[in-house]
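The values are calculated or read from the model by the stated rules, or taken from the named source; none is laboratory data. Note that the structure is a prediction, hence the values are computed from the model and not measured. Please note: Cβ atoms are built from the backbone with ideal geometry, for glycine as well, and neighbour counts cover all protein chains shown.
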C-alpha cells in the first residue's frame, strides 16, 4: 500500500524557507493534500470558529456561572471585579476571558473545543486580548489563528490531544502551544519564531497530569486555563525577543507523547490520582453525588 | 482528524466525551426515527458513574429531541423533553464487554421500537456499535440506511439494486428465523434522493426502512 507521510512542523518550515509563501497558506495547502478539503472552505470554517470564540468571550466576560457541580462558577467574576496589582491589562483581560470560557463550559455554555473542551478557555483568551487590548485586525488575527491550528494539528498527528491518553499536558499543553503560536505569529509573521514559542510553551507544561476532582471538568481545569494563557503570553514574548528553544518543536511533541504514555492511568482523567485523590476532593465528591442524586432535575 | 477537528468543534460543555459524544449517540436515534414518545437510556461504565455531573443526561435528552451539539438549549433539555410530552427514563446497568462510555437508547413511538447502542470514544467521536441487536461499526458521520427486510434469497441483491450511491459498509444479520426477518445496515458516502428512498420503500423485500441523513457541518457546528 502506498504510504503518505504526514508533514511535521519542520517540513512546513522548509517549505516556507524555500517558497517564502504566507505560512497560513502553506498550512491550508497541506490540509488539502492530507484531507482533500478545499482551502478556501477550510479558511472560511476556521474564521467561523474564531468568530464564535470571540463572540462567546465578549458575551461571557467576567460573568458568574452556575456550573453543574458548583465547584467553580465565580472565579471569572471575582477577577473581573478586582483591579490588577501587577498584571498588565493584556494579561488581565486574557486571564478573565480564560476563566469565563472555562466556567461557561462547566455550566453547559457554548464553547469551541479548541483543541478540547477542557482547555477551551486558552485560545479565546488570547484572541480576545489581542483584539480588545491590542486592537488586532481581523485578517491578521485569522492568519495567526490558522497558524495556531496548524501547530495544534502537528500535536494531534504526532501525539494526542486527549487527557485520557496523554494527561493534561496533551490538552492544556497543546492549547498553550497554540496560543503562544497565535500571539507570536500575529506580531512577527515568522513561523520559525512561532516554532520556538510553541516549543517553549509545551516544554513548560510537560508532565502536567489530568486529575479532575470527581472526573468533572471544573477543578483544577478552570483555573489551569487561566494560568495557561499567561504561560503562553510569556513564551510568545520570549520568542519574540529572539529567545530560542534549544529543542525543536517536533521533538518536544514527541517527548510529550512519551511522557504521556508513561504516566500511570491514575493521572489520566480517571479522577483517581493527583488532587482528585486528596481528602478534601474525596469529601467534596461525596457531597456532590448526594446533592445531584437527591435534587430534582427540572 | 484535520485542522477543523483540532480547532473545533463548536459544542456545549463540559466534556467532549461525556456531553458531545452522548448527544451525538442519542441524536443518531432521533435521526433514525424522529422524536419518540418514550425513551429509556441505559448507562454503562463511566457514563453510569458521572452522568449527572457531566450533564450527560441533558445531552442525551437534547439529542433524542433533535437538538444539535452546539445548541445553547441543551442545558434546558429536561424542560424541552417535557414540552414534547416525551416520557424518559435513565437506567444504570452493566452492558457487558463494551467501551466505558456506552449508552443503550431504547426508543418507542406507536408500534415503532428501536434500540441504538453507541460508545463515546473520545474527543466527541462516537461509534454506533449495535442497532436493534445487530452489531455494526458506524461513526455517525455518514448517511446510514437501516432496513428490516425479508430473510429470503436475493433480498440483499434486491435492496442493493435500488441504490446507485457508493456504499461504504454493509451489515446484515438474520434477526428472527421464525418470522423470516433480517436487518440490513448500509453506510453510504452521500445522502440518498427521494426517488431512491421511494424505490426502497416499495421494494418487495423491505418491511421497514429508516433513513439516517447526514447534514452539512453538523459534526463541527460550522455553518
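Scanning segment A:35-50 for residues that are surrounded by fewer than 17 Cβ atoms within 10 Å (Cβ to Cβ), at the interface with chain B (Cβ under 7 Å from one of its Cβ atoms) and assigned to a helix (DSSP H, G or I) gives a single hit, A:35.
For residue A:197, the criteria (1) more than 14 Å from chain B (Cβ to nearest Cβ); (2) within 18 Å of residue A:116 (Cβ to Cβ) hold in every case but one, which is (2).
Of the set (1) in a helix (DSSP H, G or I); (2) crowded, with 21+ Cβ neighbours inside 10 Å, all apply to residue A:25 but (2).
Only one of the listed residues (B:145, B:160, B:152) is in contact with a strand residue (DSSP E or B) (Cβ under 9 Å, 6 or more places away or on another chain), closer than 22 Å to residue B:132 by Cβ and crowded, with 19+ Cβ neighbours inside 10 Å. That residue is B:145.
When segment B:49-66 is limited to residues that are at pLDDT 95 or above and outside any helix (DSSP H, G or I), the one that is farthest from the other protein chains (Cβ to nearest Cβ) turns out to be B:66.
Matching residues to (1) more than 10 Å from every other protein chain (Cβ to nearest Cβ); (2) more than 30 Å from residue A:35 (Cα to Cα):
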residue: B:12; (1), (2): no, no
residue: B:21; (1), (2): yes, no
residue: B:43; (1), (2): yes, yes
residue: B:47; (1), (2): yes, yes
residue: B:68; (1), (2): yes, no
residue: B:93; (1), (2): yes, yes
residue: B:102; (1), (2): yes, no
residue: B:108; (1), (2): yes, yes
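Quick one: residue A:127 ticks every box in (1) part of a loop (DSSP other than H, G, I, E, B); (2) under 27 Å from residue A:220 (Cα atoms) bar one, so which box is it? Tallying (1) part of a loop (DSSP other than H, G, I, E, B); (2) under 27 Å from residue A:220 (Cα atoms), residue A:127 fails exactly one: (1).
Of the residues making up segment B:162-214, those that are over 15 Å from residue B:144 (Cβ atoms) and part of a loop (DSSP other than H, G, I, E, B) are B:162, B:164, B:177, B:178, B:179, B:180, B:193, B:202, B:203, B:204, B:205. For the subset of segment A:132-191 comprising residues that are surrounded by 22 or more Cβ atoms within 10 Å (Cβ to Cβ) and in contact with a strand residue (DSSP E or B) (Cβ under 6 Å, 6 or more places away or on another chain), which member is nearest to the other protein chains (Cβ to nearest Cβ)? By that ranking, first place goes to A:162.
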